[in-house]
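J.: This structure is in structure tokens; I'll ask about it shortly.
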């Protein structure tokens, strides 16, 4: 039987430690890789659920009628036109906001289309020019439309 010298024994122990260390690092990397895949999977699932909720909410919001759809349609049928600057004018935005999602039925035009429009919003109803934000009562009394 061959005897192992101290030096050889020390080299073998060192080599064994290095192999165990390498094996542990591989296992740790494998575990970390598995956790990374789980995190990606969970994150993807959350993103998909959030996107589905947003799409559903958008669809649900747009598929239900607005509170003032009938009033807005009636104003347009009666020839009422609202001129404004919805991109930057807070008063035009306020008037549009009063209608909520029913504003899409209002005959709205940019104030630049008429040179005589100097204040926004301005309504033209039966040839009469009404400047500034108008109440629903005022719009209803001028057109005969009902907003309730």
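J.: Going by average Cβ neighbours within 10 Å, how do the peptides 83-96, 38-51 rank, with the highest at the top?
T.: Top of the packing list down: 83-96, 38-51.
J.: Set the Förster distance to 22 Å, then compute FRET efficiency between residue 115 and residue 138 from the Cβ-Cβ distance, nearest 0.05.
T.: Calculated value: 0.30.
J.: Express the Stokes-Einstein translational diffusion coefficient of the range 1-64 in µm² s⁻¹, to the nearest whole number, given a Kirkwood radius over alpha-carbon pairs, 4 °C and a viscosity of 1.567 mPa s.
T.: 77
J.: How far apart, in nanometres, would the label points at residue 90 and residue 52 be if each is projected 7 angstrom from Cα along the Cα-to-Cβ direction?
T.: Taking the simple label geometry, residue 90 and residue 52 are separated by 4.2 nm.
J.: Please report the antiparallel percentage of the DSSP beta bridges confined to the chain, to the nearest 5.
T.: Around 65 percent of the beta bridges assigned by DSSP in the chain are antiparallel ones.
J.: Just to be sure I understand the model, the point goes 7 Å from the Cα along the line to the Cβ. What's the resulting residue 59 to residue 42 distance in nm?
T.: For the pair residue 59/residue 42, the computed spacing is 2.9 nm.
J.: Still on this structure, please answer the following. So what is the relative contact order of the chain, in percent, for Cα pairs below 8 Å that sit 6 or more residues apart?
T.: It rounds to 21 percent for the chain.
J.: Also, quick follow-up: For the range 69-143, what size does the Cα cloud have along each of its three principal axes, sorted from largest down, in whole Å?
T.: Its Cα atoms span 28, 26, 18 Å along the three principal axes.
J.: Same structure, new question: Hey, of (i) 18.2, 65; (ii) 36.1, 119; (iii) 13.5, 39, which did the structure itself give for Rg and Dmax of the Cα atoms in Å when calculated?
T.: (ii)
J.: Given the rule -39500 (n - 2.57) for each run of at least 4 DSSP H residues, summed and divided by the residues of the chain, what is its mean residue ellipticity at 222 nm, to the nearest 500 deg cm²/dmol?
T.: It lands at -20000 deg cm²/dmol.
J.: Of the listed peptides 131-137, 4-10, what is their order by residue-averaged count of other C-beta atoms within 10 Å, with the highest listed first?
T.: Those peptides, ordered most packed to least, come out 131-137, 4-10.
Laboratory data are not the source of any read-out in this text; all were calculated from the coordinates shown. Everything quoted here is computed from the prediction, not taken from an experiment. Positions of Cβ are backbone-derived with ideal geometry, glycine not excepted, and every protein chain shown enters the neighbour counts.
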